[in-house]
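Here is the structure we will look at.
Derivation of every value follows stated rules applied to the coordinates shown; laboratory data play no part. Keep in mind the model is a prediction, meaning the values are calculated, not measured. Every residue, glycine among them, receives a Cβ derived from its backbone with ideal geometry; neighbour counts consider all protein chains shown.
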Amino acid sequence: MTTSIRAAGAAVLVAALLAATPLTAQTAPAELPGKVDVSRVAGGTYKVDPDHTQVAFTVNHFGFTDYFGLLGGSTGTLTLDPKRPGAAQVTIEIPLAAAVTTSKELDAHLQAADFFETAKFPKASFRSTRVEVDGERARIVGDLTLRGVTRPVVLDARFTGAGVNPMNKAATIGFEATTSVKRSEFGMKFALPVVSDQVDLRIVAAFEKAE
């Protein structure tokens, strides 16, 4: 009986320790490498981190729901001087063949002439022409080229962090941006108007300082 009581007590103690360990880990303060602190931003040229830069697009489907898709693998550069933030320049290229949704059939259709026509136009690109900075936010005016058509767009951007990436030791800057475009202006008129002409874009972009 005594042995059983001791075993039961040990089991309870082990269980208590296991339960307490995750709680301790969750409540311990964590120091994030990136912080929303413009003083951390160093001037120079940065390259897009393609693994942590995403473009999400949203259209309305038949008036029932919003439907989402995602593009990754972007490349490009950001050149900036913290003393002259309005002089910053950014260029990004987005491989359209990387577009994914929750439907394999739609993923394939997006590559066809009804939409991106990636056999002829494999990439979309954005090039800034003017940057208007207001603290941690900015309006980035530029040209979006898609399917061989170039149209002006304005990105409403927000600085989301700067610091050193602990994985590769690269100085990194992060931004988020939103904008809306009309797909018909780029020759994509399939299923209008039951699939919305307006496409909302949300961009999260990480830039690593070039050596």
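With each run of n ≥ 4 DSSP H residues scored as -39500 (n - 2.57), what mean residue ellipticity at 222 nm is computed for the chain after dividing by its residue count and rounding to the nearest 500 deg cm²/dmol?
One gets -5000 deg cm²/dmol as the mean residue ellipticity at 222 nm.
Can you tell me the order of 175-188, 130-143 when each peptide is scored by its average per-residue count of other Cβ atoms within 10 angstrom, highest first?
Going from most to least packed, we get 175-188, 130-143.
Return a whole-number percent for the relative contact order of the chain, with Cα pairs under 8 Å and 6 or more residues apart as the contact set.
23 percent
Relative contact order, percent, of segment 74-185 when contacts are C-alpha pairs under 8 Å separated by at least 6 residues?
17 percent
Of 120/209; 47/182; 47/104; 123/169; 35/123; 83/209, which pairs sit farther than 21 Å apart, going by alpha carbon to alpha carbon?
Over 21 Å apart, Cα to Cα: 120/209; 47/182; 47/104; 123/169; 35/123.
Give, rounded to the nearest 20 debye, the magnitude of the charge dipole that segment 28-159 has about its Cα centre when Lys and Arg contribute +1 at Cβ and Asp and Glu contribute -1 at Cβ.
About 440 debye.
Apply 1/(1 + (r/R0)^6) to the Cβ-Cβ distance of residue 194 and residue 136, taking R0 = 22 Å, and write down the FRET efficiency to the nearest 0.05.
0.05
Pull out the extension gain between residue 211 and residue 156, defined as 0.36 nm times the separation in residues minus the alpha carbon to alpha carbon distance; nm, one decimal.
16.9 nm
Expressed as an acute angle from 0 to 90° and rounded to the nearest 10, what is the orientation of the C-alpha long axis of helix 2-27 relative to the principal long axis of the chain?
Its long axis makes an angle of about 30 degrees.
Averaging the inverse of every distinct alpha carbon separation and then flipping it gives the Kirkwood radius. What is it for the chain, in angstrom units?
20.0 Å
Estimate the FRET efficiency between residue 66 and residue 98 by the formula 1/(1 + (r/R0)^6), using the beta-carbon distance for r and 22 Å for R0, to the nearest 0.05.
That gives a FRET efficiency of 0.55.
Once label points are set 7 Å from the Cα along Cα→Cβ at both residue 168 and residue 120, what is their separation, rounded to one decimal in nm?
In this crude spin-label approximation the distance works out to 3.5 nm.
Sorted by average packing, counted as other Cβ atoms within 10 angstrom per residue and highest first, what order do 61-68, 103-110 take?
In descending order of packing, they fall as 103-110, 61-68.
Subtracting the Cα-Cα distance from 0.36 nm times the residue separation, let me have the gained length for residue 51 to residue 84 in nm, one decimal.
My answer for the length gained is 9.0 nm.
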